[in-house]
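The next block holds one structure in the form of structure tokens; read it before the comments.
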Amino acid sequence: MSDKYDVIVIGGGPGGYVAAIRAAQLGYKTACIEKRINKQGKPALGGTCLNVGCIPSKALLDSSWKYHEAEGAFADHGIKVGKLDIDVKAMQERKDKVVLQLTGGVASLFQANKVTWLQGSGQLKANKQVVFTPNEGDEQTLEADNVILAAGSVPVEIPPAEVDQKIIVDSTGALEFDAVPKKLGVIGAGIIGLELGSVWSRLGSEVTVLEAVDTFLPAVDKQISKEAQKLFTKQGLDIKLGARVTASKKNKNSVRVTYTDKDGEHEETFDRLIVAVGRRPYTEGLLSQDAGVTLDERNFIYVDNQCRTDVPGVYAIGDLVRGPALAHKAIEEGVMVAEVIAGEHTQVNYDAVPGVIYTHPEVAWVGKTEEEVKESGEPYKIGAVPFAANGRALAAGEPAGLVKFVVDEKTDRVLGMHVLGPQASELIQQGVVAMEFGASIEDLQLMVFGHPSLSETVHEAALAADYKAIHVAQRRRKK
Ligand code: FAD
Ligand code: NAD
């Protein structure tokens, strides 16, 4: 086989593998370079998301939620369980099986689409040359008409809490505990801190979350984040805001953490400590001196709206570039870039990328928060309705949370949708569809929703924007 490709993708995560498959579908001779070796010691596709991110974390979230329900909520339904126990090894084995099934699935898709998987590292040089260093074997120089950089991101490290993946772990280590830590510390009340903190809290850990900023989930609509903070605290997460970790000292099986907050300096000892303070683009080894692409001030690869770098024919996608570090954003950029290469008219609607936190209840949003719209000075209206007014939510024993719409008062257009509640990750897609189609809130009001369903709360929230909700008492608008 010649060493010239139409498309070379560096990185086989959700951005890279999807870009490679779409490029191959479009008829291009495509290779994807991926260096990852999984915990079984085998080369693996799927990137952070499938191997050590979205999928294993959701597997543990689902397992731990089932345990939590068996421990408490089942009794409300009249279901009696005997003495409850958790087999962490079995739970981890199940998670690993799910991961292997999905990463193996990507390898099969590569075969089916005739994408060449080159197992090793790739480095971009000038003139769209790529140096490929196989996991085993000698370096080769490959050429391509188009190169897509999709090397993803890695956890941010902080000097006061150096990760050893035993006592002090990052998200990858936090997915691998072989026992439930009695006392678990988490640095960072962001998405990973809340999701993985919840997993171990449900299984019995006493969890303390130390968050440097003094606002809880500052990017989330305030009404939702306030409610979420109350619920998570009630579930047992001890969330300390404005708490900055300054030092840590490890002992054989624990770590003493020093942090400061408005009341001064404190010390706390944990059996395990998770550091979850964000992720950064992974550019180490990716670019040779003469590669020519520009990095921005935060080290993201600089790209335009269609993910073109400053070098013609070189693209960058996913966690390597600006925007939220989310798998679905990486995926859509992968598709877009392959289609841009093919000369198709295509785009990613960055205004309608949903965000989800897979706690219980889940938090999900799309578009603008009420605070953002208020700040713009444009007139707006709000429709917000609690799940406590929804028959299906009550039947399922899930009354906590609400659905909220933020609507442009002048045009009636949906500007944002925010959900805290059961299956928020699924319900939010209704807001995504509405925003993608430029729907007015009236469009949603006029739709028929199946009864009984959680989606009826979406309907009621839409109605509430014009004081027309039926199942909640609303103050009447003066004529
Ligand atoms: P990655 O998935 O990071 O893939 C990049 C790949 O490139 C890696 O496999 C790496 O080995 C490879 N690579 C890097 N450099 C080279 C090189 N020079 N040569 C060859 N290969 C290279 N997002 C969601 O949307 N939903 C979630 O529920 C979610 N949960 C998450 C949970 C956790 C614990 C974590 C850590 C992340 C989670 N994310 C989630 C974020 C999501 O994983 C990332 O946004 C997504 O994986 C980014 O995709 P990517 O293709 O840009 O990069
Ligand atoms: P994050 O940005 O969501 O949260 C990091 C938190 O750590 C922030 O609240 C920040 O203020 C805090 N922080 C930063 N430095 C600190 C310090 N020194 N001490 C205490 N707190 C500090 O980052 P994350 O939770 O690490 O997740 C990384 C990214 O991965 C997310 O932003 C998201 O894009 C992605 N992710 C997505 C999902 C999902 O979609 N469900 C799940 C997990 C991860």
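Where a number appears in this text, it was derived from the coordinates with a stated rule and is not lab data. These numbers were taken from a predicted model, which means no experiment stands behind them. So basically every Cβ, Gly included, is an ideal-geometry build from the backbone, and we count neighbours across all protein chains shown.
Observations, loosely collected:
- Whole-angstrom gap from segment 315-364 to segment 95-126, using each part's C-alpha centre: 19
- Farthest toward the positive end of the dipole of the chain, out of 30, 142, 210, is the Cα of 210, where the dipole comes from beta carbon charges about the Cα centre.
- Toward the positive end of the charge dipole of the chain, with +1 on the Cβ of Lys and Arg and -1 on the Cβ of Asp and Glu, the farthest Cα among 303, 464, 174 is that of 464.
- Note on segment 62-105: Cα convex hull, mean projected area over all directions, 3.7 nm².
- In Hz, Karplus ³J(HN,Hα) per residue of segment 245-259 (6.51, -1.76, 1.60; θ = phi - 60°; x = Gly, Pro): 6, 10, 7, 8, 9, 8, 10, 4, 10, 7, 9, 9, 10, 9, 9
- Amide H contacts under 5 Å for residue 286, placed H, 5+ residues apart: none
- Under the convention that each Lys and Arg Cβ holds +1 and each Asp and Glu Cβ holds -1, the size of the dipole of segment 168-277 around its Cα centre is about 160 debye.
- Debye equation applied to the C-alpha atoms of the chain, log10 I(q)/I(0) at 0.09, 0.11, 0.14 Å⁻¹: -0.69, -1.02, -1.40
- Cross-link table 42/114; 66/329; 39/166; 80/234; 97/166; 183/240, entries beyond 19 Å C-alpha to C-alpha: 42/114; 66/329; 80/234; 97/166
- 5 Å binning of all Cα-Cα separations within segment 353-464, expressed as whole percents from 0 upward: 2, 14, 25, 25, 19, 10, 4, 1, 0
- Once both labels are positioned 7 Å from their Cα atoms along Cα-to-Cβ, the gap between residue 215 and residue 256 label points is 3.6 nm.
- Taking amide hydrogens as placed 1.01 Å from N in the peptide plane, the amide H of residue 314 sits under 5 Å from those of 147, 309, each at least 5 positions away in sequence or on another chain.
- Alpha carbon centroid spacing (whole Å) that separates segment 400-465 from segment 168-190: 35
- Stokes-Einstein D for segment 254-396, Kirkwood Rh over Cα pairs, 4 °C, 1.567 mPa s (µm²/s): 65
- For the chain, a crude dipole built from +1 on the beta carbon of Lys and Arg and -1 on the beta carbon of Asp and Glu, taken about the Cα centre, is about 1020 debye to the nearest 20.
- Kirkwood hydrodynamic radius over Cα pairs of segment 156-244, then Stokes diffusion coefficient at 20 °C and 1.002 mPa s, in µm²/s: 159
- Exposure proxy for 28, 315: other Cβ atoms within 10 Å of each Cβ, ordered fewest to most, give 28, 315.
- Spin-label pair residue 6/residue 351, simplified geometry with 7 Å Cα→Cβ offset, distance in nm: 3.4
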